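Each remark here refers to the structure printed beneath this line.
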Amino acid sequence: MVGIGAGIDAGAGGKTYGAFSALARQQYAAVAAVRMQMLRHGLKTKRGNFELGARIFSMVFFGGIAALMGVGLGFGAYSIANSHHLAFLPALFWPVFVVWQFLPLMLASFQEHTDFSALRRFPLSFGSWVMLTLTYGLIDIATIMGVICLYGIWIGLIVAKPSAVLGITLALALYAAFNFLFSRMIFAWLDRWLAQRKTREIMGGVFLFLMLALQMVNPAIQHFSKEGHGHAVNHGAMPASVTVLAHVQAFLPPGMTAMAAESALRGSVGQLTQAGGVALYAALAGLVLGVRLKAEYRGESLGESARREDRKVQVRSGWLNGAGPIGAIVEKELRYLMRSGVLLYGLAAPPILMMVIGSGGRHGQGGIPGIGHFALPFAAAYSFLGLTRLIANSLGGDGGGIQLYFLAPVSFRTIFAAKNLVHTVLFAVELALVTAVAVFRFGPPPLQMIVLTACWLLFALPTQLAAGNLMSLLMGYRMTLTRMSREQGAAGNGLLSMAIQLGIIGLGAGVYFLFVVHGQVLLAELSLLLLGAGGLFFWFQVAERVDGIALRKREELISDLVR
């Protein structure tokens, strides 16, 4: 911090300066130098090299997916423009909007949050604060994927009509600016809403409403499809519902961008009006984002603690008094969970996804099992997703409190036993919710699949818990419970935990296709029970060694969790 302090303090003198002044450029250079120095120091350790490799892999992996999407959208754009079916242009821009806005919520584990709160002690202007925040937002996965997709659309439209390059470039650039600012705005305000109890309750009600509303999505689609087919046959026109949706989306950014691109391809003068509408949306998103960033710049805390003048000394009795160290740790974990909107959001995501999945293909065709046949194992596997952050980094939420564990007369075996007890209970609740949704959407699963899933869970749960205990000690990182994105060290932990989950699911699927497909159900059940015995043995072996590992890694562990 000495170097950055010298760089930021240089030449301030209490004067007002802008985001692009000479002093601001020196400050940006100082921040970049510090980040580069942190990277070089991190590469001196094995974990730092693994973390960098995990980031590169995730960027290449999701960049490859974005490249495939960009190629597909590019060919689609060329086909639409070349065949003059310009009414289908919105079908190109809505997928980009969905990827740009909803992907960050799914990929929070691969996005590192850079906290600039420490820079508030220096004479950093608000403009420079915003510039730093937006600059770091340009390199997250969702932004990169969105830009690649828009680049593919741009190439397809330009190849179809090179003379419209200026108008198409303007429309797509404004659309990219809107998506970027809107995504930053959503993340900033979600952090704010999930940090407060009242807003969490409101968002909980919204989630429940969405779950109820999503029940009608698939029936509505089927109804509109039938309606559209009837109209197409009888009248040759689109149904009224589709017409209304087309008119509504024309006033939203994806629809307005499509209209601006259409005007550019036709050479119409109305393009500036639609482009101006997209620019207005982008300005509005930037304004709302600026309100949130201004509050952060002024030092607003996202915690739930009362103001100093409102604080009163309160002595609260614990829920599990007399239950010993395990009861105390269980209570602490539950209190942390109830006060973290981010963790509660992660637990709410799997049931919502199961509600989104359509109920079509429940029975299958031609002797091939339908989706409903595998709904229960899919629900069981997906139930782990909401707990990944808790299991793979179970010490991250303790932060500086890790030092009390080393001072207290309690073994780490007891600590992890209590944490795993909480994880098991939460998994049982999550599994019950997801299974209830799966049964509601797809009907009761066959008895054979219930037994196989139960045998697989006897292997999956202890293996996941044991691997999570090891990762918490060897790859732990300080977890911010009030932000969607994660701290430094999250990429490697998230990538490895995802690989472990895929391996556990892959073993279960391999046993199923090796035995059940050939009619050897009993052999499949015995194989999964054998794997379950191995998983339990693995958990007990890890439990016996956690104290020694924690003692050897205590300095690194404290450094990673306290910083």
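The values are calculated or read from the model by the stated rules, or taken from the named source; none is laboratory data. In this text the structure is predicted, and so the values were computed from the model without any measurement. Cβ placement follows ideal geometry from the backbone for every residue including glycine, while neighbour counts extend to all protein chains displayed. The accessibility values were calculated without ligands, DNA or RNA, using every heavy atom of the protein model including side chains. Shrake-Rupley method; radii C 1.70, N 1.55, O 1.52, S 1.80 Å.
So here's what we get for this one:
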| quantity | calculated |
| --- | --- |
| Pairwise label distance in nanometres, Leu287 with Arg121, each label 7 Å out on the Cα-Cβ vector | 3.7 nm |
| Phe513-Leu280 FRET efficiency (beta carbon distance; Förster radius 56 Å; 0.05 resolution) | 0.55 |
| Separation of the Met36 and Gln448 label points, Cα + 7 Å toward Cβ, nm | 6.3 nm |
| Extension gain from Arg545 to Ile558, taking 0.36 nm per residue of separation minus the Cα-Cα distance | 2.8 nm |
| Sites Ser83 and Gln249, calculated FRET efficiency, Cβ-Cβ separation with R0 22 Å, nearest 0.05 | 0.55 |
| Förster-model FRET efficiency, 56 Å R0, Arg266 and Thr135, C-beta, rounded to 0.05 | 0.90 |
| Cα-based convex hull, region 495-563, per residue volume (Å³, whole number) | 85 Å³ |
| Gain upon complete extension [Gln520, Phe57; 0.36 nm per residue less C-alpha separation] | 162.8 nm |
| Hz values of 3J(HN,Hα) by residue in region 538-553 - Karplus curve (6.51, -1.76, 1.60), Gly and Pro given as x | 4, 5, 5, 5, 5, 4, 6, 9, 5, 5, x, 5, 4, 5, 5, 9 |
| Where labels lie 7 Å past Cα in the beta-carbon direction, separation of Leu421 and Trp193 in nm | 3.6 nm |
| Highest to lowest packing among 443-453, 22-32, 88-98, scored as the average C-beta count within 10 Å | 88-98, 22-32, 443-453 |
| Subset of Lys44/Lys419; Lys46/Lys553; Lys332/Lys419; Lys46/Lys419 violating a 21 Å alpha-carbon distance limit | Lys44/Lys419; Lys46/Lys419 |
| Per residue solvent-accessible surface (Å²) - region 399-454, probe of 1.4 Å | 45 Å² |
| Per-residue ³J(HN,Hα) for region 422-428, Karplus 6.51 cos²θ - 1.76 cosθ + 1.60, θ = phi - 60°, Hz, x for Gly and Pro | 4, 4, 5, 5, 5, 5, 4 |
